[in-house]
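Report on the structure given below.
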Amino acid sequence: MDEQRVHVLLVDDDEIDREAARRVFSRAGIEDRLTLVDGADDGLSALRSNEPRLPRPLLVLLDLRMPGKSGLDFLRELRSDEQLRETSVIVTTISALDDDIGTAYDLGVEGYIIKPVGYEKLVASLAAADSDDTEGDI
């Protein structure tokens, strides 16, 4: 079952949000299932890197509002990459703009969550999926 445990890549330029996620995963004893990166370029580099390769299955939590390359730019590049286009992405952002929401869904995100994000719920979902024998859960 270990090979089926979802690994989370958090792509967010906000250090406070990254630290909040790290604390919640740590308290749940699954900090090893979280990789934190600062920005879209670092996220794409982490996904493309062969050493160390991020565990699969993988879920990307993506902020949209980042300096430099935005989350939407990240999504466009991700979806144009043959190796990465099927990566599951959930947007976590402060943007409630209809244009951002529509564009994100057009680019194939699985969900769109307006911050503040309750990482506790995500961690609980991951733990529940670990103990569930059914396929298709997080």
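Would you check which residues across the range 109-123 are closer than 12 Å to I90 by Cα and among the aromatic types (F, W, Y) and list them?
Y112 - this is the single residue of the range 109-123 that is closer than 12 Å to I90 by Cα and among the aromatic types (F, W, Y).
Would you be able to tell me the number of residues in the range 71-98 that are of a type in the set (A, V, I, L, M) and loosely packed, with under 15 Cβ neighbours inside 10 Å?
Here is the first cut: in the range 71-98, the residues of a type in the set (A, V, I, L, M) are 72, 75, 78, 84, 89-91, 94, 96-97.
Next, only the ones that are loosely packed, with under 15 Cβ neighbours inside 10 Å stay: 94, 96-97.
Within the range 71-98, residues that are of a type in the set (A, V, I, L, M) and loosely packed, with under 15 Cβ neighbours inside 10 Å number 3.
Among the residues of the range 95-133 satisfying the criterion of being touching a strand residue (DSSP E or B) at 6+ places or on another chain (Cβ under 7 Å) and part of a loop (DSSP other than H, G, I, E, B), which is modelled with the lowest pLDDT?
Step by step, filter the range 95-133, then rank; the result is V117.
Would you point out which residue out of L64, L75 is in a helix (DSSP H, G or I), modelled with pLDDT of 95 or more and either under 24 Å from A124 (Cβ atoms) or of a type in the set (A, V, I, L, M, F, W, C) (or both)?
Values: L64 fails: in a helix (DSSP H, G or I).
Exactly one of L64, L75 is in a helix (DSSP H, G or I), modelled with pLDDT of 95 or more and either under 24 Å from A124 (Cβ atoms) or of a type in the set (A, V, I, L, M, F, W, C) (or both), namely L75.
What's the number of the condition V8 fails, among (1) in contact with a Gly (Cβ under 9 Å, 6 or more places away or on another chain); (2) crowded, with 19+ Cβ neighbours inside 10 Å; (3) under 22 Å from Y119 (Cα atoms); (4) not small (G, A, S)?
(1)
Check G102, G68, G118 and return the single one that is surrounded by fewer than 19 Cβ atoms within 10 Å (Cβ to Cβ), on the phi > 0 side of the Ramachandran plot and among the small types (G, A, S). Give the steps one after another, and end with the answer.
Details: G102 fails: on the phi > 0 side of the Ramachandran plot; G118 fails: on the phi > 0 side of the Ramachandran plot.
Exactly one residue qualifies, and that residue is G68.
Kindly indicate the residue of the range 20-60 that is modelled with pLDDT under 95 and acidic (D, E) and also surrounded by the fewest Cβ atoms within 10 Å (Cβ to Cβ) among those meeting that condition.
E51
Restricting attention to the range 11-49, which residues are outside any helix (DSSP H, G or I) and of a type in the set (S, T, Y)?
Passing the criteria: T35, S49.
Output the number of the condition that V6 fails; it satisfies all remaining conditions of (1) closer than 21 Å to A104 by Cβ; (2) more than 12 Å from the chain's Cα centre (by Cα); (3) aliphatic (A, V, I, L, M).
(2)
The values are calculated or read from the model by the stated rules, or taken from the named source; none is laboratory data. This one's a predicted model, so the numbers in the text were calculated from it and none came from an experiment. Neighbour counts run over all protein chains shown; Cβ positions are idealised from the backbone, glycine included.
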